[in-house]
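Here the structure comes first, spelled out in structure tokens, and everything after it is commentary.
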Amino acid sequence: MRKRIFSGAQPTGELHLGNYLGALKNWVALQTEYESFYCIVNLHAITLPQDPATLRQKTLDLARIYLAAGVDPERSTIFIQSDVPEHAELAWVLNCVARMGELERMTQFKDKGKGEERASVGLFTYPVLMASDILLYQTDLVPVGQDQKQHLELTRDLAERFNRDFGETFVVPDPYIPPVGAAIMSLKEPEKKMSKSDENLNSTIFLLDDADTITKKYKKAVTDSGTEITFDGSRPAISNLLTIYHLLSGKPTKDCEAHFEGKGYGDFKSELAEVTIEFLKPFQERVREYDDDSLEAILKSGAEKASAVASETLKNVYQSMGIR
Ligand code: AQP
């Protein structure tokens, strides 16, 4: 039997190069080898306030992004989280397995909740819903960016604890964090990750940005002191830009460094913009190809396939726990 993959993204804001290089690119590469489930995690989105009409639209837009990026509905199951109610049901069960102390240590909650009294309980238990997404599909591998590593470790702990207390029920998943591209950083503050919710729009290259916007954003990107264009951990801004160049151009790292030897930051940024625009052009054309009807058909069939697996897992979970 083929091994399984599960991963997802939130239909909040616009997807950016970080989401693509850290996650989506690997989903596409791995779908030939693994039985793959790719979810649009709209229940995660509501852990922060969302406008209902926008959320509805963004949910379909994200399905278009998956398809345009190369997720193939003939090979992979693409579906919306709320179409498979077992996600929320298993999350409740796992909420009763998870401990307050371990959730309090989650850094994403600390960043996004900012210690506010008004942060939702859903934001606090976000990693438990993520664990339920993954464990429902008896997932072997979870391709994610570096920022999700801690949540993956919690998922493994919950699976192991459940298996120990109630008998072997879940596959314990491994993360797949790409060696390069797992943490694409902000163009304005290279110590922070590139993020959908960054208030400074110049920090982020969105997948649907037009050519002019991309060129302007790179022009405004911060650089480090010095002049060399090399991969160097002590110069995070240039290393980040060069990583993007390397991944989008497909050129080996040594060739990238050699190519820019003796050139200035201005030339480098122009070439980086060109490579990005060229890379995104066919993707942006494909996004427009899917009409609502064909999209709905793909999502309906995806939800049916996902439900068949999810309901079987939840049945086993309830049975092991003595829940009717
Ligand atoms: N900067 C990044 N570099 C590499 N990978 C990244 N991912 C996110 N940011 C980067 C990966 O993208 C996948 C989907 O992310 P998500 O929709 O769950 O959003 P997120 O992780 O909360 O990060 P975002 O996109 O920046 O959104 P906000 O601003 O809302 O936090 C995940 O696999 C993630 O690791």
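The values are calculated or read from the model by the stated rules, or taken from the named source; none is laboratory data. It should be emphasised that the depicted structure is a prediction, and the values quoted were computed from it without experimental measurement. Glycine gets a Cβ as well: all are built from the backbone with ideal geometry, and neighbour counts include every protein chain shown. Just the protein is used for accessible areas: all its heavy atoms, side chains included, with ligands, DNA and RNA removed. Shrake-Rupley method; radii C 1.70, N 1.55, O 1.52, S 1.80 Å.
Among 172, 97, 121, the largest mean-square fluctuation in a Gaussian network model of the chain, built with springs joining Cα atoms closer than 10 Å, belongs to 121. Projected over all directions and averaged, the alpha-carbon convex hull of the chain occupies 17.6 nm².
Restricting things to Cα coordinates, could you compute the convex hull volume per residue of the stretch 17-133 in Å³?
Values: hull volume 15.3 nm³, N = 117.
Cα convex hull per residue, to the nearest whole number: 131 Å³.
Relative contact order, percent, of the stretch 201-286 when contacts are C-alpha pairs under 8 Å separated by at least 6 residues? Let's see the in-between values first.
Numbers: 78 pairs, mean separation 30.5, N = 86.
This gives 35 percent for the stretch 201-286.
Taking 14 Å as the straight-line reach from the Cα of residue 114, the aspartates and glutamates in range (excluding those fewer than 8 positions away in the same chain) are 104. Of the accessible area of the chain, computed with a 1.4 Å probe over protein heavy atoms only, carbon and sulfur atoms account for 51 percent. Calculate how steeply helix 292-321 sits against the longest principal axis of the alpha-carbon atoms of the chain, using the helix alpha-carbon long axis, and give the answer as 0 to 90 degrees to the nearest 10. Here the helix axis deviates by roughly 50 degrees. Based on protein heavy atoms only, the chain ends up with 48 Å² per residue of surface accessible to a 1.4 Å probe. Compute a Gaussian network model of the chain, connecting alpha carbons closer than 10 Å, and tell me which residue from 286, 56, 118 fluctuates the most. Most flexible of the set in this elastic network: 118. Shape index of the stretch 231-324: Rg/Rh, with Rg the Cα radius of gyration and Rh the Kirkwood radius from the inverse mean 1/r over Cα pairs, equals 1.32. Overall, the ratio between the Cα radius of gyration of the stretch 201-286 and 2.2 N^0.38 Å, rounded to two decimals, is 1.05. Within a straight-line Cα-Cα reach of under 13 Å, residue 216 can be paired with the following aspartates and glutamates, leaving aside sequence neighbours fewer than 8 residues apart in one chain: 271, 274.
For the pair residue 153 and residue 97, label points projected 7 Å from Cα toward Cβ lie 1.9 nm apart.
Which of 192/269; 58/251; 110/251; 196/300; 188/254; 110/305 have a Cα-Cα distance over 30 Å? It would help to have the intermediate numbers written out before the result.
Numbers: 192/269 20 Å; 58/251 33 Å; 110/251 38 Å; 196/300 27 Å; 188/254 25 Å; 110/305 35 Å.
Cα-Cα > 30 Å for 58/251; 110/251; 110/305; rest within.
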